[in-house]
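The structure under discussion appears below in the form of C-alpha cells.
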Amino acid sequence: MTKYSASWENDEVSVDIPYSTAGIGTTIVVTSKFTGKILLIDVGDGAVRDLVEIGELDFVTEIDLIAITHGHFDHMGGLWTLLGFLRMLGRKKPLRILIPNGCDEVSNLVSAFKESYSETLPFQIRIFRLQHNSGFDTDFFKLKSLSVEHYGMENQSDREVLMPAVGYRVGIGQTVVSYTGDTRMCDSAEKLVEDADVAIIEATYERHPDPEKRVHLTEMEAKSLGAKAKEYLIIHKKPEAGRNVIAG
Ligand SMILES: [Zn+2]
C-alpha cells in the first residue's frame, strides 16, 4: 500500500485501488469473491501494470465489464494499453465498455483500436452509452449511472465546460459499491453514496482554491458525503509533486 492506493473488502467483494491521483491516473478494481469476475471502473495510466501486480493474468479473461466515468485522460489513459494487452494474450470473450453519452475520448479511442487491428482482434468490443439513471446489468454486476457535475478546464477559452460525466452505484450480491467519479458537490453525488457499503469519493482539493472553480470536491465535502455511506474511501488527491499545477 502507498499513500496513493486504497482497498476495502467484505465477504462478497474486494475493492482495490492500486493508484489514484488527480491528473495522473485512477483505476478501481472491483472483484466478486464468489465468481472471480472483475469490474474495472476507470482505466488510468498504469492499469495493466497494476492488474498484473494484483492478480497475475486472471484478469485477461475475468474482466466482465469496464465502466468509465468521463473522458479526462487520467481516467481512461490506460485503456489502449489494456486493450492491446488483452489482444496480445488472446482474449476471446466480448468486452463491454460503459461510457457517459457524449464521451468522445473513449469512443474515438476504441474506434481507432478496432480499426488498427480489424484483421487480428480476437474479441469483440462493444460500447454502451449511458444517461442519467441508466441501468446496466451483467450476470455478475448491476450498475446504475447518475450524471454528476464535473467541469473540464482544458479548453482554449479557459472557461469551465460541463463534461459528460457519471458516477456509478454497483450491486454485487448484497453489497453496494459506489463511486462518485470526478464531481463537485451535487444531488447525484449524494444519491450515489447514500447507504452504500463502501463509497469511493474523490477529494482533489484540501480546501476550496477559488470559489469560481467548480471542478472537484474538497476533502471536507468528501468526508461529509462519506458520512452518508456505511464506509468510505477518499481517492484522487493531488500528487505531492506538481500539486500546484495539476488541476485533475
Ligand atoms: Zn476529471
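Among residues of the stretch 215-241 that are at positive phi, those with a beta-carbon under 7 Å from a residue that is β-branched (V, I, T) and in a loop (DSSP other than H, G, I, E, B) at least six positions away or on a different chain give the pairs H236/T204.
Given the residues K144, K228, K191, which is the only one that is among the basic types (K, R), at pLDDT 95 or above and assigned to a strand (DSSP E or B)?
None of the other options fit; the residue is K144.
Taking the options D64, D45, name whichever one is modelled with pLDDT of 95 or more and away from the ligand (no atom under 16 Å from the Cβ).
On the way: D45 fails: away from the ligand (no atom under 16 Å from the Cβ).
Only one candidate passes the filter, namely D64.
Within the stretch 194-211, the residues that satisfy the criterion of being open to solvent by less than 10 Å² (accessible area, probe 1.4 Å), in contact with a Ser or Thr (Cβ under 7 Å, 6 or more places away or on another chain) and at pLDDT below 95 are E202, A203.
Looking at G84, is it surrounded by fewer than 17 Cβ atoms within 10 Å (Cβ to Cβ) and part of a helix (DSSP H, G or I)? Write out each step before concluding.
Values: surrounded by fewer than 17 Cβ atoms within 10 Å (Cβ to Cβ): yes; part of a helix (DSSP H, G or I): yes.
Judged against the criteria, G84 is a match.
Residue count for the stretch 72-94 satisfying the condition of being touching a helix residue (DSSP H, G or I) at 6+ places or on another chain (Cβ under 7 Å) and away from the ligand (no atom under 16 Å from the Cβ): 9. Any chance you could count how many residues in the stretch 32-58 are buried (at least 23 other Cβ atoms within 10 Å of the Cβ) and either over 21 Å from I201 (Cβ atoms) or free of Cβ contacts under 8 Å to residues at least 24 places away in the same chain (or both)? Summing the residues that are buried (at least 23 other Cβ atoms within 10 Å of the Cβ) and either over 21 Å from I201 (Cβ atoms) or free of Cβ contacts under 8 Å to residues at least 24 places away in the same chain (or both) in the stretch 32-58 gives 2.
The values are calculated or read from the model by the stated rules, or taken from the named source; none is laboratory data. Since we're looking at a predicted model, the values are computed, not measured. All Cβ positions, even for glycine, are placed from backbone atoms using ideal geometry, and neighbour counts span all protein chains on display. In case anyone asks, the SASA skips ligands and DNA or RNA and just uses the protein heavy atoms, side chains included. Shrake-Rupley method; radii C 1.70, N 1.55, O 1.52, S 1.80 Å.
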